[in-house]
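Derivation of every value follows stated rules applied to the coordinates shown; laboratory data play no part. Since the structure is predicted, the reported quantities are computational estimates derived from the model, not experimental observations. Note: ideal-geometry Cβ built from the backbone for every residue, glycine included; neighbour counts use all protein chains shown.
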Amino acid sequence: MAIEQPIRTDFSLNPEPSEHRSALFSVESNVNILAFEQFSGPFSTLLDELGMAVILSDNSGKILRANKSAVRILGIPEEVLTSLKHDDPIWQAILEDGTAVPVSDLPGVRALREGRAIAGLEFGIVRPDGKLTWILESAAPLRNEQGAITGVIVTFPEVTSTVKQRQALKDLSDKFQRERDRANEANRLK
């Protein structure tokens, strides 16, 4: 499926001010991209070698291209990913407190619906193998010369180790607080 209109895409990296240094690709200048699914040359190599996952989709949310990092992080082969949409019920996401994230609240879906960039949503995604992987997802709509949304770019690093460290620190802090409360109570009773 070829996209014949130019898509504004100058991938200027804008780090988000967060502990994870997430990045959101902004979409500014004009580049003719004839087909998302057939990137070739240096851009394809760059896209595939990024440590951060990148997923490109059309304006219906159908995934047209996913780089190697997206395949690795999500645990889904590219040929399966490109058969899915951002609002597909296969996506099972949860927040750190265990609250389910509705598919309609995922950044790719929101960027298409709201027509604006959505930055830095951290959530766990349940992979097909049952493993819970934490990601920090951002998405931005792609627009043609007339400003119409022609697709969306979604980026995310895996942040599983950071989330596990934060959870371990919280557990230690809670344990320390309980011990301190117990010691204070013992001293009060003396």
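Calculate, for residue 183 and residue 97, the FRET efficiency according to 1/(1 + (r/R0)^6) with r their C-beta to C-beta distance and R0 41 Å; round to the nearest 0.05.
0.90
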Sort 171-184, 62-75 by the packing proxy (mean of other Cβ within 10 Å over each peptide's residues), most packed first. 62-75, 171-184
Kirkwood Rh over alpha-carbon pairs of the stretch 36-162 plugged into Stokes-Einstein at 20 °C, 1.002 mPa s gives a D in µm²/s of 146 µm²/s
When only alpha-carbon atoms are used, what values of Rg and Dmax, in angstrom, describe the stretch 106-190? 21.6, 77
For residue 172 and residue 83, compute 0.36 nm times the residue count separating them, minus their Cα-Cα distance, and round to one decimal in nm. 27.7 nm
